[in-house]
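Below: the structure, in C-alpha cells.
The values are calculated or read from the model by the stated rules, or taken from the named source; none is laboratory data. None of these values were measured; they are calculated from a predicted model. Every residue, glycine as well, gets a Cβ built from its backbone with ideal geometry; the counts of neighbours run over all protein chains shown. Protein only, heavy atoms only, side chains kept; ligands, DNA and RNA dropped before computing areas. Shrake-Rupley method; radii C 1.70, N 1.55, O 1.52, S 1.80 Å.
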Amino acid sequence: MYKIALVGKPNVGKSTLFNRLTNSKKAISLDIPGTTRDRINGKVEWLNSHYLITDTGGITNEDLKFQQQIQQQVMYAIEESNLILFILSAKEGVDNDDKYIAKLLKKNKAKNVILVLNKAENPDIDTKPYYNLGFNKLFLVSAVHGIGTGTLMDEIAKYTQGFKDKEEKDTKFCIIGKTNVGKSTLMNAILNKERVLVSPIEHTTRDAIDENFYMNNELYTIIDTAGIRRKGHITDIAEKFSIMRTQQAIERSDIILFMIDGSIPFTEQDEIIGGLAYKANIPTIIIVNKWDNISSKDSLTMPHMLKAIRQRFAYLSWAPVVFISAKKKERVNTIFQTMGEIKKQLQIKVSTGMLNDIINKAQINNPSPKFKGGRISISYATQTQSQIPTFVLFCNNPQFLHFTYARYIENQIREAFNINLVPITVYYKDKNARIRFDNKK
C-alpha cells in the first residue's frame, strides 16, 4: 500500500489533518504541543485507491521530554514512506523549527515532499516564506474545515499512478492492560524494532498505535493501546481521550491480548480491564508478562499462578493463558501459536443434526429446573453465522431459563465440539414468537 507520512513541528494540525483524511477520530487532536508521540497509521481511500497515512509526533529543536524518541519515530516514518506531507501553520509563519525539519528532510534525502500550509482559512497569504524552505509544491488547506483537502488528495493521486494497490485480509489484535505492564515492549518485541516509545514513565503511550506485519506468511495488524489507570487518577484530558481510543481499538479487533504483570499481585484495576475484554465478547488471550522477574520459580510456580488467574478472572474462564517476558522476547511465539488455535475454533461449523442430538441428550441427562413458574424445554437448535460461535436455541419460553442451566447447556456445547478457547453466544428464542406476533395483526 502507498505510504504517506505527515511531518511537522508541534501543534500545526497534523493529527487534525490525519483525522480529516482518514475520516476518523483515531489521533488525539488537542491544542497542546506534544500530544502525539508515537506513529499512528490509518487508511485513506480516494478515487478507488487506498493509502496508508502516518501521523507523527511534532519535531522541535528544543530539548523537550521525549523529543529524541519522537524524532527517531519520525525518521522511521520518513524512511518507510513513499510521500512526505510537510505540514506548516499559516498562523505562525516559518520559524526555526520549520527550518530544522526542512534540513532533516533534505539531509535524509526524503523524496516526494509536498508542503501543506494548514490553518489557511484566509486565502490572501504570502506564500513566499514557505517556498523559501526549498520545496516546489505548496497546498493551502484548513484541516478543521476541510478546505483544500480534496485538491491535496488529487495531487497525491498523481504520485500513485502505476503503483499496485492490493488489499489483504488481516487479523487485528490489540494489547490492553494497566500502565507499565509492558504493552509497548511486547509490540516492539513482536515487530523486532523500536516501533513505539518505551519508558518507565506512566502513560508514555497515548494513542492506539497500529502496525501491519507478517508472521508465518499471515498478515496481522497489532494495536498497542494506552495503559488504563483508575478513574480517580486520570486528570489529563489527553489521557481521557487515550482511554476512548483503547475502547475503540477493542471494538475493531478480532483478538484481545489482555496483559497483566506476573511479578506483582493482581489489582482491582486488572479486573476492571479484564472486564472490558469480557464485555466485548471477543476472543482473548491473558498474557502474563515479566515472568523473568520472578527469581524463585519452581515446577509449581506456574500452576499456582494459573490457578490464581482462573479464580480472579473467572469471567474469562475460556481465555487461554500465556506466560512471557516481552523484555527478553521469551515465549512470544507462543502467542501466535495460541492465536492459530483460536482461529481454528472460530471456524468450527456444527451440523444442525449433531447439535440437536447434544441438546436433546443434555436435557434427558439433566432436566431443567423449575423457574418463574415453568421449566424450559428446548425443541430445536441451530448455529448462525457470526464473529464467534453463535447458537440459537428455540424453546417454549426463555423466561423459564435459570442461569445455572444456561451455563450447563453452554458447557455441553463446548465439550461436545471442543470449543474451549473462545467465547460463545447462546440465544434462547421463543419458538412461538412469530405465530404470536402474527395473531396480533
- request: Go through the residues of the stretch 118-125 one by one and say whether even a single one is in a loop (DSSP other than H, G, I, E, B), touching a Gly at 6+ places or on another chain (Cβ under 9 Å) and under 22 Å from S15 (Cα atoms).
  value: yes
query: Being open to solvent by 20 Å² or more (accessible area, probe 1.4 Å), closer than 30 Å to F258 by Cβ and of a type in the set (D, E, K, R), is that true of even one residue in the stretch 97-116?
result: no
message: Looking only at the stretch 204-232, count every residue that is open to solvent by 10 Å² or more (accessible area, probe 1.4 Å), among the aliphatic types (A, V, I, L, M) and either part of a loop (DSSP other than H, G, I, E, B) or at pLDDT below 85 (or both) and tell me the total.
response: 1
query: Could you list, in sequence order, the residues of the stretch 248-294 that are among the basic types (K, R) and either without any contact (Cβ under 8 Å) to a residue 40 or more places away in the chain or in contact with a Pro (Cβ under 7 Å, 6 or more places away or on another chain) (or both)?
result: K279
The one condition in (1) modelled with pLDDT under 85; (2) of a type in the set (A, V, I, L, M); (3) closer than 21 Å to Q311 by Cβ that I264 fails to fulfil: (1)
field: Tabulated pairs, the stretch 68-86, first more than 13 Å from N108 (Cα to Cα), second of a type in the set (D, E, K, R) and open to solvent by 10 Å² or more (accessible area, probe 1.4 Å), C-beta under 6 angstrom, 6+ apart or interchain
entry: I70/R37; N82/K3
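Of the residues that make up the stretch 153-165, is at least one in contact with an Asp or Glu (Cβ under 9 Å, 6 or more places away or on another chain) and either crowded, with 17+ Cβ neighbours inside 10 Å or on the phi < 0 side of the Ramachandran plot (or both)?
no
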- prompt: Are any of the residues in the stretch 264-272 open to solvent by less than 10 Å² (accessible area, probe 1.4 Å), among the hydrophobic types (A, V, I, L, M, F, W, C) and within 26 Å of Q387 (Cα to Cα)?
  reply: no
task: From K279, K329, grab the single residue that is among the charged types (D, E, K, R), farther than 28 Å from N192 by Cα and out of contact with any strand residue (DSSP E or B) (no Cβ under 8 Å at 6 or more places or on another chain).
output: K279
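Based on what the data block shows, is I201 among the aliphatic types (A, V, I, L, M), modelled with pLDDT under 90 and more than 19 Å from K328 (Cα to Cα)?
Answer is yes for this residue.
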query: Do we find that Q72 is open to solvent by 40 Å² or more (accessible area, probe 1.4 Å) and modelled with pLDDT under 90 in this structure?
result: yes
task: Name the single residue, out of those in the stretch 273-291 being outside any helix (DSSP H, G or I) and out of contact with any Gly (no Cβ under 9 Å at 6 or more places or on another chain), that is surrounded by the most Cβ atoms within 10 Å (Cβ to Cβ).
output: P283
- prompt: If we scan the stretch 108-116, do we find a residue that is closer than 23 Å to T151 by Cβ, in contact (Cβ under 8 Å) with a residue 60 or more places away in the chain and not in a helix (DSSP H, G or I)?
  reply: yes
message: Tell me whether the stretch 149-168 contains one or more residues that are of a type in the set (V, I, T), modelled with pLDDT under 90 and under 27 Å from the mean Cα position of the chain (by Cα).
response: no
- line: (1) within 32 Å of the chain's Cα centre (by Cα); (2) open to solvent by 50 Å² or more (accessible area, probe 1.4 Å); (3) among the hydroxyl-bearing types (S, T, Y) all hold for T338 apart from (2)
task: Test each condition in (1) hydrophobic (A, V, I, L, M, F, W, C); (2) at pLDDT 90 or above; (3) open to solvent by 20 Å² or more (accessible area, probe 1.4 Å) for I125 and report the one that comes out false.
output: (2)
message: Six or more apart or on different chains, Cβ atoms under 6 Å: show the pairs whose first residue is in the stretch 357-382 and closer than 12 Å to H402 by Cα and whose second is open to solvent by 50 Å² or more (accessible area, probe 1.4 Å) and part of a helix (DSSP H, G or I).
response: K372/Q399
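This table checks each residue for (1) farther than 22 Å from N420 by Cβ; (2) part of a helix (DSSP H, G or I); (3) open to solvent by less than 70 Å² (accessible area, probe 1.4 Å).
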position	(1), (2), (3)
K328	yes, no, no
N333	no, yes, no
K343	no, yes, yes
I348	no, no, yes
I359	no, yes, yes
A362	no, yes, yes
Q383	no, no, yes
